[in-house]
Amino acid sequence: MRGPAASDRLCGSFTDSGARVTRPADNPLPTETRREPRLLELDAITLAFGGVRALSGVGFDVAAGSITSVIGPNGAGKTSLFNTVSGFYRPQSGSIRFEGRDITRLPAPRRAALGLARSFQNIALFRGMTVLDNIKLGRHCHMRTNVFDALVYFGRARREEVALRAEIEERIIDFLEIDHIRHAPVAALSYGLQKRVEMARALAMQPKILMLDEPVAGMNREETEDMARFILDLRAEWGITVLMVEHDMGMVMDISDHVVVLNFGQVIAAGAPAAVQNDPEVIRAYLGSGDVAELRRKLVAAASGGPS
Ligand SMILES: Nc1ncnc2c1ncn2[C@@H]1O[C@H](COP(=O)(O)OP(=O)(O)O)[C@@H](O)[C@H]1O
Ligand SMILES: [Mg+2]
């Protein structure tokens, strides 16, 4: 749990799972009307696997400093979208711009080095390794690793870089409150802590934008509450823009500035959480998906403002 100093300046609301989510009282979320510069711009992205069109003409912007969430029923194309933005999948058409630069054809490691980091829907950590070693892997996108660099880059400059990296890792460990498990093997940790370690590794890449694929899936109430606050603090304290995919509707509506809804690979709605939540098209999409009981439960819980 976080210390009282952090909670003093926070005000709260509830997610559908009943988790208390907090938001800095002195640092309100940017509103839809405030025009922030666009950090990431997706335009008409189409991605197909054989006959399956996972994404059809997907376009939206992510404002710098925002928390932008992508929601949609299972199979809507959310993970495919993440894989396309991070460079694991190459779209058949469309473009991706990051800080105004076209990165559509850039390989994944180059995108990571520019400041795009991500976590995975199914945790992708080295389970036999310790927490600290997993976090250290995140730094590699910034370290000079080829033979030429290694030859010309040694001595004091290198030692300074290593020291700086270690300092950043300590800051991350402190921020995510995982000091007590730094030497524990990842396999021995609870699911919630593993998700946090994955976030730590992504942060070690010093990203400008952090992409989280279902950061609270499978988490209990307390873990969800902690993760939601970490995401808000990330933006407030580190200035990191967040793009996330998440099923926990209450959490999404509580902490997002902007919500994009995908259905069958297309954007069917986008806007402020309140507008999207009441969009008939969005409700229809969930009704048709078989997720209806789940959605009803969440909407009822969100409306009553308490735990479900
Ligand atoms: N690697 C892949 N190969 C073939 N089809 C895929 C692959 N990844 C995703 N798909 C298909 O693309 C569609 C969208 O999937 P996905 O992006 O995983 O959706 P979501 O994350 O919203 O549940 C689904 O029909 C899925 O079967
Ligand atoms: Mg997915």
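We did not get these values from a lab; they are worked out from the coordinates using the rules stated. Quick caveat, the model's predicted, so the values are computed rather than measured. Glycine gets a Cβ as well: all are built from the backbone with ideal geometry, and neighbour counts include every protein chain shown.
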Worksheet item: Quick one: length gained pulling residue 163 to residue 274 fully straight, 0.36 nm per residue minus the C-alpha distance?
Response: 35.4 nm
Worksheet entry | All-pairs alpha carbon distance profile, the range 63-118, 10 Å steps from 0, percent | 21, 52, 26, 1
Response to the item:
the range 58-95 scanned against label point 7 Å out from residue 284 along Cα→C-beta; backbone N under 20 Å for 58-59, 71-77
Worksheet item: Once fully extended, how much extra length lies between residue 222 and residue 99, figured as 0.36 nm per residue of separation less the alpha-carbon to alpha-carbon distance?
Response: 40.7 nm
Worksheet item: If Lys and Arg each add +1 and Asp and Glu each add -1, what is the summed charge of the other residues whose beta carbon sits under 10 Å from the beta carbon of residue 136?
Response: +1
Worksheet item: What is the calculated FRET efficiency for residue 114 to residue 190, with r their C-beta to C-beta distance and R₀ = 45 Å, to the nearest 0.05?
Response: 0.85
Fill in: ³J(HN,Hα) computed for each position of the range 218-228 - Karplus, 6.51 cos²θ - 1.76 cosθ + 1.60, integer Hz, glycine/proline x
x, 8, 7, 4, 5, 5, 4, 4, 4, 5, 4
